[in-house]
Amino acid sequence: MKQKFRKLTFVMVTSKVSESMSHFDNGFKAIINASYSQLYGGDDIKSYSLYKVVDNEIVNSIAWYYENQLTELPEQDRYKAEEMIESYNLK
């Protein structure tokens, strides 16, 4: 796989974003939804759509964050991520 993060990976979004992205949420935990390429085709594998997580619950779906703004968290659980996404989508 060429892209850095797989779907359902738990990541931390940096709190240090560029001035051009200062209006974006930052400094939060998230789950990778997909890269731009996975959603729309093409070769952009460095931009990601995310599910924002607060208190172990998804509160929003947001995009586009760059791979250098994301850090994979040590604890990973694909089944938990799927359950959280399903709960969010069925609200």
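The values are calculated or read from the model by the stated rules, or taken from the named source; none is laboratory data. Keep in mind it's a predicted model, so treat the numbers as computed, not measured. In this analysis, Cβ positions are derived from the backbone assuming ideal geometry, glycine residues included, and neighbour counts consider all displayed protein chains.
Here are a few things to note about the model shown:
- So residue 42, is it touching a Phe, Trp or Tyr at 6+ places or on another chain (Cβ under 9 Å), without any contact (Cβ under 8 Å) to a residue 24 or more places away in the chain and of a type outside the set (A, V, I, L, M, F, W, C): yes
- Candidate set from the range 35-54 (those that are part of a strand (DSSP E or B) and of a type in the set (Ser, Thr, Tyr)); member that is surrounded by the most Cβ atoms within 10 Å (Cβ to Cβ): 48
- Among the residues making up the range 49-91, those that are of a type in the set (Gly, Ala, Ser) and touching a strand residue (DSSP E or B) at 6+ places or on another chain (Cβ under 6 Å) are 49, 61, 63, 81.
- Residues that are within 19 Å of residue 21 (Cβ to Cβ), free of Cβ contacts under 8 Å to residues at least 40 places away in the same chain and of a type in the set (Phe, Trp, Tyr) within the range 45-80 comprise 51, 64, 66, listed in sequence order.
- Any hit, the range 12-23, residues being crowded, with 16+ Cβ neighbours inside 10 Å, in a loop (DSSP other than H, G, I, E, B) and under 8 Å from the mean Cα position of the chain (by Cα): no
- Flag if residue 65 is farther than 13 Å from residue 8 by Cβ and part of a strand (DSSP E or B): yes
- Failed condition for residue 26, given (1) in a loop (DSSP other than H, G, I, E, B); (2) surrounded by fewer than 10 Cβ atoms within 10 Å (Cβ to Cβ); (3) not basic (Lys, Arg): (2)
- Among the residues of the range 6-48, those that are farther than 15 Å from residue 62 by Cβ, modelled with pLDDT of 95 or more and not β-branched (Val, Ile, Thr) comprise 6, 7, 8, 10, 37, 38, 40, 41, 42, 43, 44, 46.
- Residue check for residue 79: modelled with pLDDT of 95 or more and either in a strand (DSSP E or B) or surrounded by 11 or more Cβ atoms within 10 Å (Cβ to Cβ) (or both): no
Here is a yes/no grid of residues against (1) over 14 Å from residue 7 (Cβ atoms); (2) under 13 Å from the mean Cα position of the chain (by Cα); (3) of a type in the set (S, T, N, Q):
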site: 37; (1), (2), (3): no, no, yes
site: 52; (1), (2), (3): yes, yes, no
site: 55; (1), (2), (3): yes, no, no
site: 61; (1), (2), (3): no, yes, yes
site: 66; (1), (2), (3): yes, yes, no
site: 70; (1), (2), (3): no, yes, no
site: 75; (1), (2), (3): yes, no, no
site: 87; (1), (2), (3): yes, no, yes
